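Since every read-out is calculated from the coordinates, none of them should be taken as a lab result. Predicted, not measured: the structure shown is a model, and the values here were computed from it. Positions of Cβ are generated from backbone atoms using ideal geometry, with glycine treated the same way; all protein chains shown enter the neighbour counts.
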Amino acid sequence: MAMATTATEWASRSRRGARRSAAVLLLAIAMSLAGAPRPAEAATTVEVLAAAYDVTILRPLNACAVVLGSVFFVASAPFVAPFMGVRTARDVFVYAPYEYTVERDIGDF
């Protein structure tokens, strides 16, 4: 490597080196704060079967319930809107099946 002959070249190289050193230091700090990885908890057979049942049977059926509930919501909206508003019908026909299908943890019934 050739020696820097001008002051600007030397300053440019020292800034790059300082950036590299700062990046390495930040990476080392982040890795030390992360801690040692812990092994995952072993799932029992019942939990595995419950999760499999949930993913293969319940979630697809509940996805159909969301679609069917949406159809019922659209059909009932003109009748319930004048009396109690559409929010209650939406909560019953659309949001409850959606929440059970999408927002619930796998295997949590």
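If you take the alpha carbon atoms of the range 45-103 and fit the smallest convex hull around them, that volume is 61 Å³ per residue. Site pair Ala18 and Val74 shows an inter-label distance of 6.4 nm when each label is modelled 7 Å from Cα along Cα→Cβ.
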